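Asks: Pasting in a structure now, in structure tokens, and then I'll have a few things to ask.
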Amino acid sequence: MNVNRQKKDDLIKEINENFDSHDTFYLFDFINMPVSRSVELRRKLREHSYTFKVVKNRLALRAFREEMPEDLKAYFRGPTVIAFASENPLQLARLIRDFSDQHKILKFKAGLLEGHFLPEDKFAEVADLTSRDSLIVKFGFLMVYPLIKFLRTWQAPTESLGRLLSQMKPKKNVGGKNAQSTNQ
């Protein structure tokens, strides 16, 4: 087998493994991206366990799985880079959007978000979504908040009684001292 052919088969296999192991990936057009920016972005993404891969479109299409949306095939044109996310795809979208806004380099083409086709016009909405952890925290707070209000309402009469008794106690002592001084 030709060495060049073997390299292509290995690349197809690697891309296929990435498609199999990640249910979320984004396609970007990276025209005129300097190497220094590419290295910077790769480092940032690697810190968060994301994969960033420049692909040849023909090879990526050969590795394309049958269960993926056919609409996605049309976006494998021109210089293409794929960002893969195994966890927290919203954070990946935010990281790349912020980097792209800062350096004016990457342009989102399309993607697959947890198995669903993501067109170009929806990427900004996805990047602006709140993370799953934040939503869980907010939901938990909303579940507990009525109980907190109920407990505070229930404790209010006892706190008021305690304040009233604490205010009356010094008055008795003052009154008792005055009564003792008049008796002498």
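The values are calculated or read from the model by the stated rules, or taken from the named source; none is laboratory data. Owing to the predicted nature of the structure, the values given are computational and were not obtained by experimental measurement. So basically every Cβ, Gly included, is an ideal-geometry build from the backbone, and we count neighbours across all protein chains shown.
Asks: With respect to Leu61, is the statement that it is within 19 Å of Leu11 (Cβ to Cβ), among the aliphatic types (A, V, I, L, M) and in a helix (DSSP H, G or I) true?
Replies: Yes; evaluated as a whole, the condition is true for this residue.
Asks: I need the full set of residues from segment 20-32 which are surrounded by 18 or more Cβ atoms within 10 Å (Cβ to Cβ), hydrophobic (A, V, I, L, M, F, W, C) and at pLDDT below 90, in order please.
Replies: Phe30
Asks: From (1) over 13 Å from Pro89 (Cβ atoms); (2) surrounded by 11 or more Cβ atoms within 10 Å (Cβ to Cβ); (3) out of contact with any helix residue (DSSP H, G or I) (no Cβ under 7 Å at 6 or more places or on another chain), pick out the condition that doesn't hold for Tyr145.
Replies: That leaves (2) as the condition not met.
Asks: Additional query: Only residues that are of a type in the set (D, E, K, R), surrounded by 12 or more Cβ atoms within 10 Å (Cβ to Cβ) and out of contact with any strand residue (DSSP E or B) (no Cβ under 7 Å at 6 or more places or on another chain): list them for segment 33-82, please.
Replies: Across segment 33-82, the qualifying residues are Arg37, Glu40, Lys44, Lys56, Arg62, Lys73.
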